Amino acid sequence: MTKPKVLISDKMDPNAARIFEERGCDVDIITGETPEQLIARIGDYDGLAIRSSTKVTQAVLDAAPKLKVIGRAGIGVDNVDIPAASAKGVVVMNTPFGNSITTAEHAIALMFALARQLPEANAQTQQGLWPKNGFMGVEVTGKTLGLIGAGNIGSIVASRALGLKMKVVAFDPFLTPERAVEMGVEKVDLDGLLARADFITLHTPLTDQTRNILSAENLAKTKKGVRIINCARGGLVDEAALKEGLDSGHIAGAALDVFQTEPAKDSPLFGTPGFICTPHLGASTTEAQVNVALQVAEQMADFLVSGGVTNALNMPSLSAEEAPKLKPYMALAEKLGSLVGQLTRDSVPRISIHTEGAATELNQKPIVAAVLAGFLRVQSDTVNMVNAPFLAKERGLEVREVKTEREGDYHTLVRVSVKTESGERSVAGTLFNNVEPRLVEMFGIKVEAELTGHMMYIVNEDAPGFIGRIGTLLGENGINIGTFNLGRRNAGGEAVLLLSVDGSVSEDVLKQACELPGVKMVKALSF
Ligand SMILES: NC(=O)C1=CN([C@@H]2O[C@H](COP(=O)(O)OP(=O)(O)OC[C@H]3O[C@@H](n4cnc5c(N)ncnc54)[C@H](O)[C@@H]3O)[C@@H](O)[C@H]2O)C=CC1
Ligand SMILES: O=C(O)CCC(=O)C(=O)O
């Protein structure tokens, strides 16, 4: 088997390359390239490991037909076009905890640097000015810290600030009152935070809701003498309004680790009294970089080599314990979805995935994604479990999930039903020995078959002599039958025949089969 190939395109701790190699991947480290150079190179790779410099745009993805996974050694993924990656079926992973302590500590460091004007005091002292009277600071003890975003990093900042005897107020629409109590912070609305905070620190991702959250209007609502820290993302603070606030003296200090445009080689804020900055160093400690490098390489190699999914932003996770149990279900689900997709010609506004018995105890998301992948692959062979749920949504396909914990005829069952113009049609399957996918029911008829390779599906009238006739026809055309699976609604009624054959069946043979007496429908299938 050829080894998966991974490109590390941003500076990363050497542990990443070591882990990739140990886990069976070939790895190239090529950093600092232009977007054009990356586009020219990316076509060879199955995996792309990045930090924040590499921008994974639609153009990069279009040039990457083999790409299966993008791993961000860090938290923010705003440098990856996730909708475009999802549409291409590429998994995007990050390492959500590896650098959070380090980034929280950077925010606290910047808070102290602002409170005591450390950078300027240091610079003037080293110039020989001994400016003892020029740097009156403020204590943080007893002051109010306004936390915008109370997730992983925000909550670490809060705990450190509480240790410094600050009061912490937090604005985060997703923060529950219980969690706020647990964190020891007061949950407030944004206006409340702006009015009360002596220091404001930002810890949200950059989204349409958070972009410009500290706008000119909101900065004007802050307390006079406020100090602002941004270690999250440029774009959360209006930089021009920040400068005006500093110039007017309304804002006493601002510390930015991140800028609207990076690298920020020129900014009107540079040189403004009260302004300090670092070049996106929030995650830059030895500890954090080892953590994220190890984690991203482990996650990506796991996915490329054995299909495990951890910390993916566009696909349900599959833990190491779940993966072996879920794999046969995903195979069954994909085959059932594919069977329905291949046999449905009408438009389908709704697909339902119904699990019964043991299947209900498992994570349903990968099962649903696998059904959708099988169903939609009939329309496009680039569909996989990553992009199938997005495609289904895009195409207005309603997806229903139903669970019946009680066992029916089988200890475990997955049923896929589609709503079509001619009514609801469903197929169902189980796992033999918990691992072997088997079809057990097709459009209301009990039939037991392994869905594999090339197959023929025939609907005919249940009458003597048919099996002989179809066998003869296939034999005369040099087609070897592997398995023969029969089912019928009732004696003398409608019957279905599922044959596995050792090769594809030509249109001509399908036509001849269709012309046999009693045959209502013939279709070639492949799995
Ligand atoms: N400077 C640096 O080097 C680093 C920067 N970061 C940035 O820090 C950000 C936060 O990281 P984590 O705490 O790990 O993320 P997280 O996802 O754990 O927390 C983000 C919090 O923001 C909240 N939030 C979302 N929308 C909001 C809104 N409209 N208003 C207020 N709060 C909102 C969420 O509810 C969540 O609690 C990342 O998205 C990343 O951009 C992360 C690591 C290093
Ligand atoms: O990789 C870096 O240095 C930046 C880290 C960061 O911004 C993130 O993890 O979101």
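The values are calculated or read from the model by the stated rules, or taken from the named source; none is laboratory data. Because the structure is a prediction, the values reported are computed rather than measured. Cβ: placed from backbone, ideal geometry, glycine included. Neighbour counts: every protein chain shown. Note: accessible area is taken over every heavy atom of the protein model, side chains too, but ligands, DNA and RNA are not part of it. Shrake-Rupley method; radii C 1.70, N 1.55, O 1.52, S 1.80 Å.
Angle of helix 239-248 to the longest C-alpha principal axis of the chain, folded into 0 to 90 degrees and rounded to 10: 20°. Applying 0.36 nm per residue to the separation of R211 and S380 and subtracting their alpha-carbon distance, the gain on full extension is 57.3 nm. Residues F303, F97, ordered by accessible area of protein heavy atoms at a 1.4 angstrom probe radius and largest first, appear as F97, F303.
Could you work out the helix-only [θ] at 222 nm for the chain, with each DSSP H run of four or more residues adding -39,500 (n - 2.57) and the total divided by the number of residues, to the nearest 500 deg cm²/dmol?
Rounded to the nearest 500, it is -10000 deg cm²/dmol.
In whole percent, what relative contact order does the range 357-509 give with Cα contacts below 8 Å and a gap of six or more residues?
On the way: 221 pairs, mean separation 25.1, N = 153.
That works out to 16 percent.
One chain, two ends: K11 and R179. Fully extended at 0.36 nm per residue, the span grows by 56.8 nm beyond their Cα-Cα distance.
Annotation: the range 126-273 has a Kirkwood hydrodynamic radius of 16.0 angstrom, from the mean reciprocal C-alpha pair distance.
Helix 286-306 and the longest principal axis of the C-alpha atoms of the chain enclose an angle of approximately 10°. Annotation for T452 and Q127: the two label points, set 7 Å from Cα along the Cα-Cβ direction, are 7.9 nm apart. Pairs exceeding 22 Å between alpha-carbon atoms, taken from K221/K265; K68/K419; K335/K520; K365/K403; K243/K265: K221/K265; K68/K419; K335/K520.
Measuring how big the range 257-306 is from its alpha-carbon positions, Rg and Dmax come out at 16.9, 54 Å. Inter-label distance, T261 to E394: 3.2 nm, where each label sits 7 Å from its Cα along the C-beta direction.
Could you tell me which chymotrypsin sites (Phe, Trp or Tyr not before Pro) in the range 121-207 are loop residues by DSSP with no more than 15 other beta carbons within 10 angstrom of their beta carbon?
Values: sites: F135, F171, F174, F199; in loops: F135, F174.
Of the chymotrypsin sites (Phe, Trp or Tyr not before Pro), the ones in loops of the range 121-207 whose Cβ has at most 15 other Cβ atoms within 10 Å are F135, F174.
Taking 0.36 nm per residue of sequence separation and removing the Cα-Cα distance, the V305/F270 pair yields an extension gain of 7.9 nm.
Rg and Dmax over the alpha-carbon atoms of the range 394-471 stand at 15.7, 48 Å.
Taking Cα atoms only, the orientation of helix 364-377 departs from the longest principal axis of the chain by about 60 degrees. In plain terms, the chain is cut at each of the trypsin sites (Lys or Arg not before Pro) found in a DSSP loop with at most 11 other Cβ atoms within 10 Å, and the longest leftover piece is 1-131.
Normalising by the residue count of the range 164-255, find the relative contact order in percent from Cα pairs under 8 Å and 6+ residues apart.
25 percent
With a ≥ b ≥ c taken as the square roots of the eigenvalues of the C-alpha gyration tensor of the range 84-210, please select rounded if a/c is under 1.5 and otherwise prolate if a/b is larger than b/c or oblate if it is not? Because a/c hits 1.5 or more and a/b fails to exceed b/c, the range 84-210 counts as oblate.
Where in the range 46-87 does the amide nitrogen come within less than 20 Å of the point 7 Å from the Cα of T34, taken along Cα to Cβ? In the range 46-87, the label zone of T34 (backbone N under 20 Å from the point 7 Å along Cα→Cβ) covers 53-64. In percent, what relative contact order does the chain have, based on Cα pairs under 8 Å that are 6 or more apart in sequence? Dividing the mean separation by the residue count of the chain yields 11 percent. Can you tell me what percent of all Cα-Cα pairs in the range 1-137 are more than 17 Å apart? Cα-Cα pairs in the range 1-137 separated by more than 17 Å: 66 percent. Remark: the chain projects, on average over all directions, an area of 30.4 nm² (convex hull of Cα atoms).
Beta bridges assigned by DSSP with both partners in the chain are antiparallel in approximately 50 percent of cases.
Given axes a ≥ b ≥ c from the Cα gyration tensor, I'd like to know whether the range 266-349 is rounded (a/c under 1.5), prolate (a/b larger than b/c) or oblate. Could you put the intermediate results ahead of the total?
Working: a/c = 5.58, a/b = 2.11, b/c = 2.64.
Taking the square roots of the gyration eigenvalues as a ≥ b ≥ c, the range 266-349 is oblate.
For the range 373-527, what class follows from the C-alpha gyration tensor (a ≥ b ≥ c being the square roots of its eigenvalues): rounded when a/c is under 1.5, otherwise prolate if a/b is larger than b/c, else oblate? Before the final figure, lay out each step's value.
Details: a/c = 1.82, a/b = 1.46, b/c = 1.25.
Cα axes put the range 373-527 in the prolate bin.
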